[in-house]
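Novice: Structure in structure tokens, see below.
The values are calculated or read from the model by the stated rules, or taken from the named source; none is laboratory data. Keep in mind it's a predicted model, so treat the numbers as computed, not measured. Quick reminder, even Gly has a Cβ in these numbers, built from the backbone with ideal geometry, and neighbours come from all protein chains shown.
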Amino acid sequence: MKRRIAVGVDIGTYQVKIVVVEELYDKNGVRQGRVLGTGIAESKGLRHGYIVDQKEVSASILRAKKEAESVAHISIRSAFLAIGGISLDEARATGSTIISRADQEITVLDIEKAGKAAREVAAPGFLNRRVLHSIPLEYRIDGAKVLGDPIGMKGIRLEADYLFVTCLAQHEEALSQAVEDADIEVIGQMASPLAGSFVLLEGDQKMKGCVLANIGAETISIVVYDEGIPISIKVFPMGSSHITNDIALGLRISIEEAERVKIGRLSGQMYPRKKVDSLIETRLMDMFALIDKHLKSLGHRGPLPAGIIISGGGSGVGSISEIARGSLKLPSRLAELRILADTKIRDATWAVAYGIAIWGLTDDTTVPKQPFWEVIKKFFQQFLP
């Protein structure tokens, strides 16, 4: 039997991470992903997730690729790419259609027509942008909300609310080209917040309602779930490097020294702990204020009983969980990566690369250049209301 292997690539502002995963089944027939190898390299040529030097980015990817190949003992030829950075955005639109069958039974064709109509409504906002994901949020038949799949039900008019996750086309093309220049064929793409949520969140958390916040070096990316559906994806231009800058300015020390102070390697009599904690807390409160404002903009949705789950390289700074709990008035905890015990991955900072590799195994990765929708539709079937 041919081995099924998928590779995930996460290009961050500070680091490039590559994860090689093989599909396995346990004795009960449950599918699992075994990590064969990982590769990591310092990112160069990026700013807020944007490429400012294509050659440097490709060189970083190549270094991570070679390390992953050495550990996994395979040659990496294709991969699934996570798309992050501040170019990620969202748009919502509603589409409707008259049921086509004479007996008024709703079919897949009606669903597709409603989705196409929603996309046409949102299309003016897609100038210079690429739609990464089209996610159905809610269906209504003759004005009444549908609980579950509307196919097979009857009515006259079908309405569908959609969430469109987009990114700048130029940004996506530049990231893909950088990966291709490292001799890796890109066979699928996914927004980074979704990729992380694939392996960091439990189904029960998604159903009850929660927000996953990834605190990176220069950005905070969030995905909000309600009733099992991702209802919002947002990226804010603030990250853990801003905490470092605050410490450097507040204590009048170098950036390098401030970074060590931030992660707790320098403290004691050299720098007053109370002042350091105050600088960190102030910036963290600013971060969670951005998240709180966005959550309030989704006010038509209910509360989030499963609270906020915090991941990313900045998740270990200060008393971040307590500050999030106080700022958002929500339950709060640090993310834990759901993964086999004997893995080469040690923390949730690998969630995006690992998540998109696991997602890659939801379809046949041996077929090159599949149409994107064919690859992703199985994954998003779980989001159908």
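Novice: In the range 210-304, which helices (runs of 4 or more DSSP H) lie fully inside it and hold 2 or more residues that are hydroxyl-bearing (Ser, Thr, Tyr)?
Specialist: Per the criteria, 240-251, 273-297.
Novice: Separate question: Return the residues of the range 32-58 that are assigned to a strand (DSSP E or B), in contact with an Asp or Glu (Cβ under 9 Å, 6 or more places away or on another chain) and touching a residue at least 60 places away in the same chain (Cβ under 8 Å); say none if nothing qualifies.
Specialist: GLN32, GLY33, ARG34, VAL35, GLY37, THR38, ARG47
Novice: Quick one: is LEU158 touching a Leu at 6+ places or on another chain (Cβ under 6 Å), touching a residue at least 24 places away in the same chain (Cβ under 8 Å), farther than 30 Å from SER58 by Cα and crowded, with 18+ Cβ neighbours inside 10 Å?
Specialist: Answer is no for this residue.
This table checks each residue for (1) crowded, with 21+ Cβ neighbours inside 10 Å; (2) under 20 Å from GLU172 (Cα atoms); (3) out of contact with any helix residue (DSSP H, G or I) (no Cβ under 6 Å at 6 or more places or on another chain).
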| site | (1), (2), (3) |
| --- | --- |
| GLN189 | yes, yes, yes |
| PRO193 | yes, yes, yes |
| SER197 | yes, no, yes |
| GLU202 | no, no, yes |
| MET207 | no, no, yes |
| LEU212 | yes, no, no |
| THR219 | yes, yes, yes |
| VAL224 | yes, no, yes |
| SER240 | yes, no, no |
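Novice: To continue, here is another question. Are any residues in the range 69-80 crowded, with 21+ Cβ neighbours inside 10 Å and at pLDDT below 95, and if so, which ones?
Specialist: Hit for the range 69-80 is ALA72, nothing else.
Novice: Okay, next question. Counting only residues that are under 20 Å from GLY39 (Cβ atoms) and among the hydroxyl-bearing types (Ser, Thr, Tyr), how many does the range 148-187 have?
Specialist: Final tally of qualifying residues: 1.
Novice: Okay, next question. Out of all the residues in the range 141-159, which are part of a strand (DSSP E or B) and farther than 21 Å from MET207 by Cβ?
Specialist: Result: ILE141, ALA144, LYS154, ARG157, LEU158, GLU159.
Novice: Please determine, by comparing only the residues of the range 162-181 that are buried (at least 19 other Cβ atoms within 10 Å of the Cβ) and not in a helix (DSSP H, G or I), which one is farthest from the chain's Cα centre (by Cα).
Specialist: TYR162
Novice: Report whether or not THR13 is assigned to a loop (DSSP other than H, G, I, E, B) and either surrounded by 17 or more Cβ atoms within 10 Å (Cβ to Cβ) or modelled with pLDDT of 95 or more (or both). Quick ask: steps written out before the conclusion?
Specialist: Details: assigned to a loop (DSSP other than H, G, I, E, B): yes; either surrounded by 17 or more Cβ atoms within 10 Å (Cβ to Cβ) or modelled with pLDDT of 95 or more (or both): yes.
So THR13 fits the description; yes.
Novice: Tell me yes or no: at least one residue of the range 101-108 is in a strand (DSSP E or B) and over 24 Å from GLN189 (Cα atoms).
Specialist: Checked the range 101-108: at least one residue is in a strand (DSSP E or B) and over 24 Å from GLN189 (Cα atoms).
Novice: Is it the case that LEU249 is surrounded by fewer than 19 Cβ atoms within 10 Å (Cβ to Cβ), of a type in the set (A, V, I, L, M) and within 30 Å of LEU194 (Cβ to Cβ)?
Specialist: On the way: surrounded by fewer than 19 Cβ atoms within 10 Å (Cβ to Cβ): yes; of a type in the set (A, V, I, L, M): yes; within 30 Å of LEU194 (Cβ to Cβ): no.
The answer is no for LEU249.
Novice: Any residue at all in the range 128-137 that is part of a loop (DSSP other than H, G, I, E, B) and either of a type outside the set (Asp, Glu) or farther than 28 Å from ARG101 by Cα (or both)?
Specialist: The answer is yes, given that some residue of the range 128-137 is part of a loop (DSSP other than H, G, I, E, B) and either of a type outside the set (Asp, Glu) or farther than 28 Å from ARG101 by Cα (or both).
Novice: Across the range 226-257, what is the number of residues that are more than 12 Å from the chain's Cα centre (by Cα) and in contact (Cβ under 8 Å) with a residue 24 or more places away in the chain? Spell out how you get there, then give the answer.
Specialist: Here is the first cut: in the range 226-257, the residues more than 12 Å from the chain's Cα centre (by Cα) are 226-229, 231, 236-257.
From what's left, in contact (Cβ under 8 Å) with a residue 24 or more places away in the chain: 226-229, 231, 236-243, 246-247, 250-251.
Residues flagged as more than 12 Å from the chain's Cα centre (by Cα) and in contact (Cβ under 8 Å) with a residue 24 or more places away in the chain within the range 226-257 amount to 17.
Novice: Moving on. Mind listing whichever residues of the range 1-10 are of a type in the set (Val, Ile, Thr) and surrounded by 24 or more Cβ atoms within 10 Å (Cβ to Cβ)?
Specialist: Of the residues in the range 1-10, the ones of a type in the set (Val, Ile, Thr) are 5, 7, 9.
Scanning the range 1-10 gives VAL7, VAL9.
Novice: Just checking, which of PRO150, PRO193 is under 11 Å from the mean Cα position of the chain (by Cα) and not aromatic (Phe, Trp, Tyr)? Working first, answer last.
Specialist: Numbers: PRO150 fails: under 11 Å from the mean Cα position of the chain (by Cα).
Result: PRO193 is the single residue among PRO150, PRO193 that is under 11 Å from the mean Cα position of the chain (by Cα) and not aromatic (Phe, Trp, Tyr).
Novice: Any residue that is modelled with pLDDT of 90 or more, surrounded by fewer than 21 Cβ atoms within 10 Å (Cβ to Cβ) and closer than 16 Å to LEU81 by Cα - is there at least one of those in the range 17-38?
Specialist: No: the range 17-38 contains no residue that is modelled with pLDDT of 90 or more, surrounded by fewer than 21 Cβ atoms within 10 Å (Cβ to Cβ) and closer than 16 Å to LEU81 by Cα.
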